[in-house]
């Protein structure tokens, strides 16, 4: 399953770039992207909620501003995917 999440995250990293949306919209967009890549809504929501938890608005804006995921973000998404049942 970790391979599936890793493949999804690679696509999301590119799709997540650009001007940082508001926190609520950013959350909804990322969930939509993961669902569009084949995850169920409940798993995508679990991953995104856990990813957003404890992150400041500045940290999330930096995430959206990058064109690619950092190694730490990739590892975090894989870990969250496994934790959420992906």
Could you calculate the contour length gain from residue 50 to residue 71, that is, 0.36 nm times the residue separation minus the distance between their Cα atoms, to one decimal place in nm?
5.8 nm
Inter-label distance, nm, simple model (7 Å from Cα along the C-beta direction), residue 61/residue 41:
3.1 nm
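All of the numbers you see were taken from the coordinates with simple rules; none came from a lab. For clarity, every value in this text was computed on a predicted model and none was experimentally measured. Neighbour counts run over all protein chains shown; Cβ positions are idealised from the backbone, glycine included.
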